[in-house]
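To keep things clear, I will list the structure first and then write my remarks on it.
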Amino acid sequence: LSQVSAALKEGRVTPTELCQRCLALIKSTKFLNAYITVAEETALKQAKESEERYKRGQPLGILDGIPVAVKDNFNTAGIETTCASNMLKGYISPYNATVVQKLLDQGAVLLGKTNLDEFAMGSGSTDGVFGPVRNPWSYSKQYKEKSVPKSHSEDEDSNWVITGGSSGGSAAAVSSFTCFAALGSDTGGSTRNPAAHCGVVGLKPTYGLISRHGLIPLVNSMDVPGILTRCVDDAAVLLGSLAGHDPKDSTTIQDDFKPFELPNLTDVSKLSIGIPKEYHAPGLSSEILALWSKAADLFKNAGAKVVEVSLPHTRYSIVCYHVLCTAEVASNMARFDGLEYGHRSDKKESTESMYAATRREGFNDVVRGRILSGNYFLLKQNYEKYFVKALKVRRLIANDFMKVFRSGVDILLTPTTLSDAAPYMEFIQEDNRTRSAQDDILTQAANMAGLPAINVPTALSERGLPVGLQFIGRSFQEKQLLTVAKWFEKQVQFPMIQLEEVKKHDNSVFQHQKSASFS
């Protein structure tokens, strides 16, 4: 972002030219299905306004003129917000989410809204009403060289891999160079999971650091707006622009947040890196296990203290998460009744039949299933047995993290995903609940505890697909977390995706690391 901002200030490229290049890339990579809505007219208008500010020598900051994308579960005034659901098709919000407004106030150019799992319920970005998102790495030179299709037709049609989810559209948008940064949401790993599969940086900030106002809720007590960028420095820039108190969200911090520049860490000898043994989870691929060990050795050889730690209640986190998640989903989805906004069924025999038909037509099986589960857990006879017990386990999970950090550990290093991205045809063989339980196992404990966590793309797998590792930090210690992540990013030198569609365009603005010394 700093390089592009400098190019804009020096007049080497104008905001309009930059916006047009990104819009052209969105069109040429339309097959990825990363965007639900492309706001071309609005984006070009915003770019023109940015251009006028640069001509006057009065840019609003580093984000002025920078093309960004936003997950389609953030409200945007004048642009459709669908949550990839029939329930909200055609819905246009009268206001902007706080994070969207903050981006616009700093001159960012909003290109459009990105695809997701319906109402952000999923881990593959395959269950939305607008169809699945394709991982840009499916069409990369690195993947094509390693994958051997059984037949020519299989190569393009069924050999593509998923992006992860639920913020798969945002991750694919950043990975394919159609924007410079994107917003996702993170309830159980929905920013970090697709970031790992798409080879980008995915930051889940501390709960309460960034406003949730205008983010259509999934699980209010865990939802956090997430940041997706191509490098750690850019994530820090966006965090500085978005963080801070919001009077419209009572869960945000009261203190002012001071944006920071990340220092170049040269000495890691004072760092203590924790390796949680419980994250050696069932299903963890040998490839990712080897990479995790190699990363731990990297810190150790650089002088950091690397210690094995225990988070004993992590093993219960998925079950606990399922109870709390579905209970809050049942409550949140009650607002979609066909009366105030969104889809309304034509069945009018009675109010009750209209309610039932509206929700049957508007929600997919995944959403309806979670509503049913949640209402079951909240029944009077089940409330203490399931919901209250899950809240107690959640506290134990949070306490485990607190104990580890009090013992002197600065940062936890874990895998982000169990394996690299699965082929779509293989992924859809299992139901959404089973897949989500497997895919969230390494990420959702940070949401339960409200801690900041970041995925850093680390290497390419044997199949030529990205693999990431996760760093978890102490509450509100994003500067330390991002500084360590930046050091690690510099050491591993993750390679740039080689996409033919991108090569056709002048990508002098899209500079990135090009060597792969760590794989």
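Among the residues of region 421-443, those identified as open to solvent by 10 Å² or more (accessible area, probe 1.4 Å), in contact (Cβ under 8 Å) with a residue 40 or more places away in the chain and not polar (S, T, N, Q) are Ala422, Pro423, Tyr424, Met425, Phe427, Ile428, Arg433, Arg435, Ala437, Asp439, Asp440, Ile441.
The criterion of being loosely packed, with under 15 Cβ neighbours inside 10 Å, aromatic (Phe, Trp, Tyr) and at pLDDT 95 or above does not hold for Phe74.
Listed here are the residues, each with its yes/no results for (1) modelled with pLDDT of 95 or more; (2) β-branched (Val, Ile, Thr); (3) open to solvent by 40 Å² or more (accessible area, probe 1.4 Å).
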| residue | (1), (2), (3) |
| --- | --- |
| Ser353 | no, no, no |
| Leu379 | yes, no, yes |
| Lys385 | yes, no, yes |
| Lys392 | yes, no, yes |
| Thr416 | yes, yes, no |
| Ser419 | yes, no, yes |
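Regarding Gly214, is this residue surrounded by fewer than 24 Cβ atoms within 10 Å (Cβ to Cβ), under 30 Å from Arg394 (Cβ atoms) and of a type outside the set (Lys, Arg)? Yes, satisfied. Ser2 meets each of the listed conditions (1) modelled with pLDDT under 95; (2) in contact with a Leu (Cβ under 7 Å, 6 or more places away or on another chain); (3) not hydrophobic (A, V, I, L, M, F, W, C) apart from (2). Exactly one residue out of Leu239, Leu289, Leu298, Leu262 is touching a helix residue (DSSP H, G or I) at 6+ places or on another chain (Cβ under 7 Å), assigned to a helix (DSSP H, G or I) and surrounded by fewer than 21 Cβ atoms within 10 Å (Cβ to Cβ), and it is Leu298. Number of residues in region 338-381 that are within 28 Å of the chain's Cα centre (by Cα) and farther than 24 Å from Asp431 by Cβ: the value is 3.
Exactly one residue out of Phe494, Phe510 is open to solvent by less than 50 Å² (accessible area, probe 1.4 Å) and at pLDDT below 95: that is Phe510. Going by what's in this entry, would Glu489 be described as open to solvent by 30 Å² or more (accessible area, probe 1.4 Å), at negative phi and out of contact with any Phe, Trp or Tyr (no Cβ under 9 Å at 6 or more places or on another chain)? No; evaluated as a whole, the condition is false for this residue. Here Asp297 passes the criteria (1) free of Cβ contacts under 8 Å to residues at least 12 places away in the same chain; (2) closer than 14 Å to Thr416 by Cα; (3) charged (D, E, K, R) except the one numbered (2). Which count do you get for residues in region 46-86 that are of a type in the set (A, V, I, L, M), over 20 Å from Pro259 (Cβ atoms) and not in a strand (DSSP E or B)? Within region 46-86, residues that are of a type in the set (A, V, I, L, M), over 20 Å from Pro259 (Cβ atoms) and not in a strand (DSSP E or B) number 3. When each of Val307, Val367 is tested for being hydrophobic (A, V, I, L, M, F, W, C), open to solvent by less than 30 Å² (accessible area, probe 1.4 Å) and in contact (Cβ under 8 Å) with a residue 60 or more places away in the chain, the lone residue that passes is Val367.
Yes or no, residue by residue, for (1) farther than 30 Å from Val367 by Cα; (2) in contact with a Pro (Cβ under 6 Å, 6 or more places away or on another chain); (3) β-branched (Val, Ile, Thr); (4) free of Cβ contacts under 8 Å to residues at least 12 places away in the same chain:
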| residue | (1), (2), (3), (4) |
| --- | --- |
| Thr163 | no, yes, yes, no |
| Val200 | no, no, yes, no |
| His213 | no, no, no, no |
| Asp246 | no, no, no, no |
| Ile253 | yes, no, yes, no |
| Val268 | yes, no, yes, no |
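When residues in region 87-109 are screened for being open to solvent by less than 10 Å² (accessible area, probe 1.4 Å) and outside any loop (DSSP other than H, G, I, E, B), 6 of them pass. The set of residues in region 17-34 being among the hydroxyl-bearing types (Ser, Thr, Tyr) and open to solvent by less than 30 Å² (accessible area, probe 1.4 Å) consists of Thr29 alone.
The values are calculated or read from the model by the stated rules, or taken from the named source; none is laboratory data. Only a predicted model underlies this, so the values are computations on that prediction, with no experimental measurement involved. Reconstructed Cβ throughout: ideal geometry from the backbone, glycine too, with neighbour counts over all protein chains shown. Areas reflect the complete protein model, heavy atoms only, side chains present, ligands, DNA and RNA absent. Shrake-Rupley method; radii C 1.70, N 1.55, O 1.52, S 1.80 Å.
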